[in-house]
Protein chains: 2
Amino acid sequence: MQVNGGDLQRLRQLNLLSSIRALREATGPLTLTELAARTGLSRGSMVDVVTDLQDRGWIAEVEPAPGGMGRPAKRYRFRADAGHVLGIDIGVHKVLAIITDLAGRAVASGRVAVTPATTRDERLEAVDRAIDAALVAGGLTTLDLWGVAAGSIGVVNREGMVTRVTALPDWAGVDLIGHLGRRLSCPITIENDSKLAALAEQRLGVAAGVRDLVYLHAGRRPGAALILNGLLHHGFSGATGEVGLMDITGWRTMAGHLENSPAAAGAAPEDAAGLVFASARTGDPAALAAVDAYADQLALGTAAMVLTLDPELVVLGGGFSRSADVLLPALRRALEPHCLRVPEIRPSTLGEECVSLGAACLALDHVDDRFFSPQGSISRPAAPQRLT
Amino acid sequence: MQVNGGDLQRLRQLNLLSSIRALREATGPLTLTELAARTGLSRGSMVDVVTDLQDRGWIAEVEPAPGGMGRPAKRYRFRADAGHVLGIDIGVHKVLAIITDLAGRAVASGRVAVTPATTRDERLEAVDRAIDAALVAGGLTTLDLWGVAAGSIGVVNREGMVTRVTALPDWAGVDLIGHLGRRLSCPITIENDSKLAALAEQRLGVAAGVRDLVYLHAGRRPGAALILNGLLHHGFSGATGEVGLMDITGWRTMAGHLENSPAAAGAAPEDAAGLVFASARTGDPAALAAVDAYADQLALGTAAMVLTLDPELVVLGGGFSRSADVLLPALRRALEPHCLRVPEIRPSTLGEECVSLGAACLALDHVDDRFFSPQGSISRPAAPQRLT
DNA sequence: TGAATATCTATGGACTCCACAATAAATCGG
DNA sequence: CCGATTTATTGTGGAGTCCATAGATATTCA
């Protein structure tokens, strides 16, 4: 990363930023002495910096901690409520909008149910309603939003266009940025939903702090996403983790092992997998065989990614991860013969909010990028405007 | 990257660093005015910074450019000769040590031929002789080296141990850092040879500036390496790009398509591939079939990586890349049915020095890391000492 | 030779940080 | 309740760095 110098005000800016960073990364409020220790500044300068940040509205004073010897120190906290970001999951069955503060804590959400048959325009309208509901719930307006990210199924290119989608017939080519931009004046990012789920797990979930991981979306439509060197890997055209497109992996058809299993005879396709996993849990041989057959195929594509990337961790997400107790051991067994080293595999924990939370994380990342970039200014807290 | 503030000397340090960076990235020497424009400093401060750098020995004055109006401006250049790094390729058939200056220009090299039958100790002795030869050729001593990196076949873990190697029976477990550390006091890095070749291509070769690429080592022992987000991807245990270990890719046996081709009947195994490519170039049907069969298998593993990562570029390296005119079109054709988007494929250009040059690039990266890290100091130019 | 152009050099002022000393507010023990 | 102790806050002087501006210098062109 470029480390640019500059004049004295730039130095002050760097010190303001590292103080903000220290306060955000701390678990609770910090005293002046603690802040000085973390930023490396002297106490005297810390006073200047903190009063500056307070004047600008970035931090707030908290009542002193009770107890302890000596004069109680003033304590300061980052004003996470100075701004908010919005994360949206535009799924096949639901649209979920979550508003978080600058610390990533969810403060409000709005949810609208949709179906695979919902048309493009109806789905976009559902997005608007979910956003409105979240804003109302949070007592906020669009002007309070500093960044927005949305997750969509399908391949999303660098310009935010959905270029390829199979599950929804009329969704390809939708201009989500254009649609959202009509109402929202803050920067907008679009990303693939599995990628956002992976990001959420790496920030808030079972993969917290892991730098290299493969996220498996095990469900009726399988997929995968990668986090490499701590960053979401987007790829040149957005089509990463698509190893399932190779016929030899069998990912296109592997859900059939579950849906067509005699253990799920007569069930609707969307319920079949759950029944098979439940039967497998009780030891039903046919169900166990179906799970093993599914895991064998899932392992084939997974092994290709693991051998390519040698990740520290594999996260098992998607609808079938609810049955991780059955599926995960089968997957590990199936990976064994293919891999040099089978990485640790953990089931996803974030549930159905994972895509929205991941979107909020991505929006927060972009807010941070603007602040911590060499050109970034730190005026008063305010929502940034889109350039376009 | 963390950008920490600090006191006024830290600000000066940042300005020194960005001036050094500007001079290194420029194509030729720069005047004070030009430097001031690139760093954003005022002219007056630029004078201070430049005299500082000159006093410390980091930059040197160059005679003014002739012609032009007005008083001729003094010009300054980065003293790339202030330090050197060493890159070593420890291969099956040769050991090649290259010394470069801080700009990455090769200034001297030493080469020692070895064979697959060379024992571990003999090979290590060959390494020492190659280093000595390069030092003699450059008129340098080990104290002039600021960093060393070596490329070895096999899997190299984060600690620099060679953990898995098939081509040389007694090479696994060799303690290269320990061996080199007995003579060299600078920081030492060990890395897999294909990874270094990929790095060289991304810095100096056909992939200059590309952020995401897959490097294919097409030769008698196939392999692959990845550059992701502009950085070498090392993986958790160093075993990246090992997709060829999956039996369904057929990478273990695909060289047999060339070596057992009737077009190479009677030739020694190490010459067979060259003969087949030559015959294919003349249109020989048996040779063309062999190349296609080889390319089909190579494409299988390549497609798995491309679908996983969606890279901008694939670089075709390794011994067979000398026949890229024949192999590359076949590979592209074979990739077509597997991939959503077949990335651009370019043949490697760096020849047999690529691993050594990549090693030098890696050593230079580590030198830069120390300088541009927040804690990095910029005292007088001097070789850093190893911590251990 | 003199005008034009661009660079070099020197000075004063503004800003930021640091070190040190004096002051303020709490707890603890008698 | 009061002083000793502990810790935090406030204030002052000094040093380092950068900027703006003005005058001196060196080269080209007419």
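Across the stretch A:8-78, the convex hull enclosing all Cα atoms gives 86 Å³ per residue. The peptide list B:112-122, A:165-175, B:6-16, put in order of mean Cβ contacts within 10 Å with the highest first, becomes B:6-16, A:165-175, B:112-122.
Computed over the alpha-carbon pairs of chain B, the distance histogram in 10 Å steps reads 5, 21, 27, 23, 15, 7, 2, 0 percent, short to long.
Quick check: net charge around B:ALA303, other residues with Cβ under 14 Å of its Cβ, Lys/Arg +1 and Asp/Glu -1? Taking every other residue near B:ALA303 into account, the sum is -2. Each principal axis of the Cα cloud of the stretch B:54-190 was evaluated for its coordinate range; sorted largest first, these ranges are 69, 28, 23 Å. Based on C-alpha pairs under 8 angstrom that are at least 6 apart in sequence, the stretch B:8-78 has a relative contact order of 35 percent. What trypsin sites (Lys or Arg not before Pro) in the stretch B:214-282 are in a loop by DSSP, with at most 15 other Cβ atoms within 10 Å of the Cβ? Answer by residue number: B:ARG252. Among the trypsin sites (Lys or Arg not before Pro) in the stretch B:138-206, those placed in a DSSP loop whose Cβ has at most 16 other Cβ atoms within 10 Å are B:ARG158, B:ARG182, B:ARG183. Sequence-distant contacts, meaning Cα pairs under 8 Å at least 6 residues apart, place the relative contact order of the stretch A:263-382 at 22 percent. For the options A:LEU199, A:LEU327, A:LEU340, a Gaussian network treatment of chain A with springs between C-alpha atoms closer than 10 Å singles out A:LEU340 as fluctuating the most. Taking a sphere under 15 Å around the Cβ of A:LEU196 and counting the other residues whose Cβ falls inside, with K and R at +1 and D and E at -1, yields a net charge of -4. Within the shell of other residues whose beta carbon sits under 9 angstrom from the beta carbon of B:ALA149, the net charge comes to -2, with Lys and Arg scored +1 and Asp and Glu -1. Each distinct pair of alpha carbons in the stretch A:210-349 adds a 1/r term; the inverse of their mean, the Kirkwood radius, is 15.1 Å. In the protein assembly as shown, taking the dipole from charged Cβ atoms about the Cα centre, the farthest positive-side position among B:PHE236, A:VAL136, B:ASN4 is held by B:ASN4. Converting phi to 3J(HN,Hα) with the Karplus coefficients 6.51, -1.76 and 1.60 and the offset θ = phi - 60°, the stretch B:284-295 yields 4, x, 4, 5, 4, 5, 5, 5, 5, 5, 5, 5 Hz in sequence order, with x at every glycine or proline.
To the nearest Å, what is the center-to-center distance of the stretch A:195-254 and the stretch B:287-355, using C-alpha atoms only? Each part reduced to its Cα centre gives a spacing of 25 Å. If r is the Cβ-Cβ distance from A:ASP170 to A:THR142 and R0 is 22 Å, what FRET efficiency results, to the nearest 0.05? So the FRET efficiency works out to roughly 0.25.
Look at the alpha carbon pairs under 8 Å that are at least 6 residues apart: their mean separation over the length of chain B gives a relative contact order of 17 percent.
With viscosity 1.002 mPa s and temperature 20 °C, the Kirkwood radius over alpha carbon pairs of the stretch A:145-299 converts through Stokes-Einstein to a diffusion coefficient of 123 µm²/s. Across every direction, the projection of the convex hull enclosing the Cα atoms of the protein assembly as shown has a mean area of 40.7 nm². Between A:GLY160, A:GLY178, A:GLY319, the Gaussian network model of chain A with springs among Cα atoms under 10 angstrom shows the greatest mean-square fluctuation at A:GLY178.
Inter-chain neighbour count for B:40-46: the average number of beta-carbon atoms from partner chains within 10 Å of each residue's beta-carbon is 2.
Mean residue ellipticity, 222 nm, helices only, chain A: the sum of -39500 (n - 2.57) across DSSP H runs of n ≥ 4, divided by residue count and rounded to 500, is -12500 deg cm²/dmol. Stretching the chain fully between A:ALA106 and A:PHE371 yields a gain of 93.3 nm (0.36 nm per residue, less the alpha carbon separation).
Each value in this text was obtained by applying a stated rule to the coordinates, not by laboratory testing. Remember, predicted model here, so these are calculated numbers, not experimental data. Don't worry about glycine lacking a Cβ; one is built from the backbone with ideal geometry, like all the others, and counts go over all protein chains shown.
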